Amino acid sequence: MLERSKIVGDPPVINTAETLELSYAEDLGAVEAIKIANDFEAALGTEEVFLQYQPMIDLSTGKIKGFEALMRWIHGEKGFISPDVFIPLLEDNGMIVKASSWALEEALMALKRIEGKAGYDKELFMSVNFSSRDFAADGFVEGVYDTISKSEVDAEQVHLEITERLLMGQPENAKETLSECQKSGMGISIDDFGTGYSSLSYLHYFPINILKIDRSFVMEMLSKDSSMELVKSMIGLGKNLKMKIIAEGVETIEEAQKLRDLGCDMAQGYYFARPMKEEDVIEFIKENRQIDF
Ligand code: C2E
Ligand code: CA
Ligand code: CA
């Protein structure tokens, strides 16, 4: 069982010396940054840009509940570029709006196919990441509705992942948009929870169903008492507010077991599965109806 993460999913892409240099967007010169952002525009819609899906596991049953869609870009010349590098560039030049709407459609179509091939019927969810630019764009909600009906999934199967920073940047706009989405049944997840704002009052203000505990806390919780206390507090807080809690970056069976004992609802991380291509996800869920740990 301990070996699970080693055999499941795509191995991490091996960085060349050049892609390693691109680990952080701030290392890029302005000209290079603009070039990369322009290259992305041409790459979107080709096989250079695609999605991988990382399963999320129900910690009390060991069953797969859904996936997070994660964007990948294998640049024609530069090879793999991390989303941590290219997403901020797309946010800066506005291309993120096109990229997000492509990702939502692609991910929901994939969800429909995955369920069909693995024998599920509107039981799994797909969680898609959005940036603040998406929320500011005209017709965001209508676009999401259109994509949902086109892909024939239920709104309940769609989760929108956003960060605290996004919410605080344009609170009124975001509140209205999210409320509409939530009313129609979509889940609203706060990504990287615990890393953003010190004030927790926003948890009341916005319609939020799910808190995703950031990987930095999970990573340290078994070696650092303060991280363990923070994880416990985040789980308690989420429960009091009737939200679901997902732990990110679960890499070991010990972390998974501890999180289950603490009452965390779901987990996502290399211990269970790495982000995978659609065909591998189908195989994975056929072979892993339930994961014991
Ligand atoms: P994120 O939303 O926090 O996504 C989780 C990241 O953690 C992913 O990195 C995932 O591959 C990685 N991860 C998952 N499990 C583990 C684990 O057990 N250990 C470790 N060390 N890492 C784990 P990735 O795919 O490189 O994405 C990085 C970030 O780029 C994402 O962080 C998200 O902020 C952004 N991103 C990725 N795809 C999209 C997208 O389609 N739209 C937007 N707006 N942002 C995206
Ligand atoms: Ca995310
Ligand atoms: Ca995250």
**Study point:** Every residue from the stretch 129-142 that is within 14 Å of ligand 1 (Cβ to nearest atom) and open to solvent by less than 70 Å² (accessible area, probe 1.4 Å)
**Key:** 129, 130, 131, 132, 134, 135, 136, 137, 140
**Study point:** Residue list for the stretch 152-167, filter: within 28 Å of residue 120 (Cα to Cα) and either more than 16 Å from ligand 3 (Cβ to nearest atom) or of a type in the set (Val, Ile, Thr) (or both)
**Key:** 152, 153, 154, 155, 156, 157, 158, 162
Revision key, fill the gap. Filter the stretch 213-227 for residues that are open to solvent by 30 Å² or more (accessible area, probe 1.4 Å) and acidic (Asp, Glu); the one that is nearest to the chain's Cα centre (by Cα) is 220
Revision key, fill the gap. Selection from the stretch 228-246 of residues more than 15 Å from residue 271 (Cβ to Cβ) and either within 16 Å of ligand 3 (Cβ to nearest atom) or buried (at least 19 other Cβ atoms within 10 Å of the Cβ) (or both) yields 230, 231, 234, 235, 238, 243, 244, 245
Point to revise | Test: residue in the stretch 165-179 that is of a type in the set (Asp, Glu), within 19 Å of the chain's Cα centre (by Cα) and within 23 Å of residue 212 (Cα to Cα) | key: no
Review point. What residue, among those in the stretch 247-279 that are open to solvent by less than 60 Å² (accessible area, probe 1.4 Å) and of a type in the set (Asp, Glu), is nearest to residue 221 (Cα to Cα)?
Key: 255
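Let's see how each residue does on (1) in contact with a strand residue (DSSP E or B) (Cβ under 6 Å, 6 or more places away or on another chain); (2) within 16 Å of ligand 3 (Cβ to nearest atom):
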| residue | (1), (2) |
| --- | --- |
| 132 | no, yes |
| 137 | no, no |
| 150 | no, no |
| 169 | no, no |
| 173 | no, no |
| 186 | yes, no |
Check your understanding: Which residue out of 115, 77, 68, 105 is farther than 23 Å from residue 46 by Cα and among the charged types (D, E, K, R)?
Key -> 115
Exercise for review: Being in contact with an Asp or Glu (Cβ under 9 Å, 6 or more places away or on another chain) and assigned to a helix (DSSP H, G or I) is the filter; apply it to the stretch 218-228 and report the residue that is nearest to ligand 2 (Cβ to nearest atom).
Suggested key: 218
Study note, to complete from the structure: Given the conditions (1) in contact (Cβ under 8 Å) with a residue 12 or more places away in the chain; (2) more than 22 Å from residue 202 (Cβ to Cβ); (3) over 19 Å from the mean Cα position of the chain (by Cα), every one holds for residue 149 apart from (1)
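Yes/no per residue for (1) at pLDDT 95 or above; (2) of a type in the set (Gly, Ala, Ser); (3) within 14 Å of ligand 2 (Cβ to nearest atom); (4) within 15 Å of the chain's Cα centre (by Cα):
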| site | (1), (2), (3), (4) |
| --- | --- |
| 85 | no, no, no, no |
| 89 | no, no, no, no |
| 93 | no, no, no, no |
| 122 | yes, no, no, no |
| 137 | no, yes, no, no |
| 142 | yes, no, no, no |
| 154 | yes, no, no, no |
**Study point:** All positions within the stretch 229-242 that are free of Cβ contacts under 8 Å to residues at least 24 places away in the same chain and either touching a helix residue (DSSP H, G or I) at 6+ places or on another chain (Cβ under 9 Å) or part of a helix (DSSP H, G or I) (or both)
**Key:** 229, 233, 236, 240
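The values are calculated or read from the model by the stated rules, or taken from the named source; none is laboratory data. Source: prediction; values computed, not measured. No Cβ is skipped: glycine too gets one built from the backbone with ideal geometry, and neighbour counts run over all protein chains shown. In case anyone asks, the SASA skips ligands and DNA or RNA and just uses the protein heavy atoms, side chains included. Shrake-Rupley method; radii C 1.70, N 1.55, O 1.52, S 1.80 Å.
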